[in-house]
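Presented below is the structure to which this report refers.
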Amino acid sequence: MNLPEEHCENCGKAISRRARANVFGERVLCTPCYNKAKNELARREERDNRPATSGQLKFLKDLGFSSVDNFTFDQASSTLDHAQQIRYFAFKIARQEWGLDLTGSDLRPIVHVAFNDSAMRDRIYNTMQQVHDAAYERQSQMDAANINNAHYEQPFIGDVEPPLNPRDPDYIKVRAGLIALGFGRKPGIITRLANLLR
């Protein structure tokens with residue numbers, strides 16, 4: 001009885017009857033593809049389990065995170081990414097509300113409150129991703145419109161970011177936190193009217 005030839009589900013090569021068909025997960029692979037997949041999995045597991053760098057740990061501690069000594073590289077990267085987006089969200093609110101530059105200011109209390117509320121943390125992260133995407137799109141449009149203009153200077157990405165929505169509940173909470181920390185003031189009638197018209 002002749003059995004049909006097996007084919008590698010990765011490269012499509014026929015696996016001869018004398019060769020060994022290897023099962024990797026739910027896929028049948030030829031020996032070269034099996035070895036490649038096995039080595040890539042081992043590299044990925046090693047990468048996922050490598051410890052955070054000393055630079056990451058220092059930055060996390062500067063942001064006020066404790067108990068981070070056992071963080072993996074990926075855990076530290078994700079935590080830093082989210083914390084930085086929360087911090088930038090607060091920067092943008094201070095600039096938008098009061099024209100303040102909070103560079104170098106201690107925003108750890110705000111970062112921690114927002115970070116520890118996973119829903120708020122994810123919403124702010126997504127909001128800031130949308131802001132960045134819109135800014136890069138606007139910058140690209142301006143670049144294309146001025147391609148033949150010898151005097152054109154590409155704008156700084158922060159200068160073309162759209163404003164945040166002042167009626168967003170996360171905006172309101174972070175603004176209140178900034179006021180509580182003494183960074184801003186309650187918006188006057190002009191600011192409130194401008195925000196309503198946005």
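General remarks:
- Packing-based order for 46-52, 87-93, using average beta carbon neighbours within 10 Å, highest first: 87-93, 46-52
- Neighbours of residue 105 by Cβ distance under 15 Å: Lys/Arg scored +1, Asp/Glu scored -1, total +1.
- Computed on the chain, with alpha-carbon pairs under 8 angstrom and 6+ residues apart, the relative contact order is 14 percent.
- Counted charge near residue 29, where neighbours are those whose Cβ lies closer than 9 Å (Asp, Glu -1; Lys, Arg +1): +1
- Listed residue pairs exceeding 29 Å between alpha carbons, taken from 61/173; 38/61; 36/58: 38/61; 36/58
- Helices in the chain, meaning DSSP H runs of at least 4 residues, each add -39500 (n - 2.57). Divided by all residues, the mean residue ellipticity at 222 nm is -19000 deg cm²/dmol.
Each value in this text was obtained by applying a stated rule to the coordinates, not by laboratory testing. Values in this document were obtained by computation on a predicted structure and should not be read as measured data. Here the Cβ is made from the backbone with ideal geometry for all residues, glycine too, and neighbour counts use every protein chain on show.
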